[in-house]
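Here is the structure we will look at, set down as structure tokens.
The values are calculated or read from the model by the stated rules, or taken from the named source; none is laboratory data. Note that this is a predicted model, so its numbers are computed, not measured. With ideal geometry, Cβ positions are generated from the backbone for all residues, glycine too; neighbour counts draw on all protein chains shown. In case anyone asks, the SASA skips ligands and DNA or RNA and just uses the protein heavy atoms, side chains included. Shrake-Rupley method; radii C 1.70, N 1.55, O 1.52, S 1.80 Å.
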Amino acid sequence: MLSGDDIEALLVTFKLAAITTIALILLCPPLAWWLAHSRSRIRPMIEAVVALPLVLPPTVLGFYLLLVFSPQNAIGAGFESIFGHSLAFSFTGLVIGSMIYSLPFVVQPLQSGFVTMGTGEIEAAATLGMNRWQRFHYVVFPMTKRSFMLAAMLGFAHTLGEFGVVLMIGGNIPGETQVISIALFEHVEALAYDQAHALAGGLLILSMSLLIFIYGFLQQNERRWGYW
């Protein structure tokens, strides 16, 4: 059976994953569009920065984010002076860290979708007098909505399993920064294997269900379109 703290950890985890995913889906399309169509010499550098969380150990990323978020840093001090609380060891800090950690899982599917659609339809819409928002709303999004759905699913699924980043910048505050992975680690340390099994098994089933849905979604589109 799950304890009250475990249920709180589940709620914090889903809340974190939902907010992170929504924020990334709203903020990432301009960056993904630029990466898909820019010929700038700095594009490889930007792509490397975006993909860095894929290869960088989460604890390393979390450590440097903790330094940035601390009151001794200008960014952390500025946030604390405006909002009255520290960015480190707060839910807001978790959201920012999760957005950075899950960034490539949202940007890369969008970038691939924008590359696939080309620019012919955009140019045709521009000749009809559509502004940028109208071109995105009526042309880009309908043609790449599957990429948006895939990006959202991957971003959400990836955020659910965070451990190193959230532990470094969020600590382990029940009801605020304690997520499923940290609660599971606590149970294992306390040799409470029954509770650990309940959390781990639930997370395993949820993760597998999300992956089956994602791969089924991809297969369905391959059959319909012949490519992604």
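Seen from all sides and averaged, what is the projected area of the convex hull of the Cα atoms in the stretch 116-219, in nm²? Mind showing how you got there, number by number?
Working: hull surface 38.2 nm².
Approximately 9.5 nm², given one-decimal rounding.
Accessible area of Phe148, 1.4 Å probe, to the nearest 10 Å²?
Phe148 exposes around 20 Å² with every protein chain in place.
Using the Cα centre of the stretch 100-228 as origin and beta-carbon charges of +1 (Lys, Arg) and -1 (Asp, Glu), tell me which of Ala198, Gln220, Tyr101 is placed farthest towards the positive end of the dipole.
Sorting the options by dipole projection puts first Gln220.
In deg cm²/dmol and to the nearest 500, what is the mean residue ellipticity at 222 nm of the chain if only DSSP H runs of at least 4 residues count, each as -39500 (n - 2.57), divided by the residue total?
Estimated from H runs of four or more residues: -26000 deg cm²/dmol.
Starting from the residue with the highest accessible area, list Ile180, Ile19 in decreasing order, probe 1.4 Å. Can you show the working numbers first?
Details: Ile180 5, Ile19 65 Å².
I get Ile19, Ile180, largest accessible area first.
Tell me the per residue accessible area of the chain using a 1.4 Å probe; a whole number in Å² is fine.
Numbers: 12680 Å² over 228 residues.
Here the residues of the chain average 56 Å² of exposed surface.
Which whole-number percent gives the relative contact order of the stretch 82-172, counting Cα pairs below 8 Å spaced six or more residues apart?
Worked out over the stretch 82-172, it gives 54 percent.
Mind ranking Asp194, Asp6 by accessible surface for me, highest first, 1.4 Å probe? Walk me through the numbers before you get to the answer.
Values: Asp194 130, Asp6 5 Å².
So the residues, ranked largest to smallest area, are Asp194, Asp6.
Determine how large the accessible area of Glu121 is when every protein chain is in place; take a 1.4 Å probe and give Å² rounded to the nearest 10.
In the full protein context, Glu121 sits at about 80 Å².
From the square roots a ≥ b ≥ c of the eigenvalues of the alpha-carbon gyration tensor of the chain, which class results: rounded (a/c under 1.5), prolate (a/b over b/c), or oblate?
oblate
Under a 1.4 angstrom probe, counting protein chains only, how are Ile82, Ile122 ranked by accessible area, largest first?
Ile82, Ile122
Just the accessible area for Met149, please: 1.4 Å probe, Å², rounded to the nearest 10?
90 Å²
Given a 1.4 Å probe and every protein chain left where it sits, what share in percent of the accessible area of the chain is carbon and sulfur? Write out the running numbers ahead of the final one.
Numbers: 8560 of 12680 Å².
Roughly 68 percent, rounded to a whole number.
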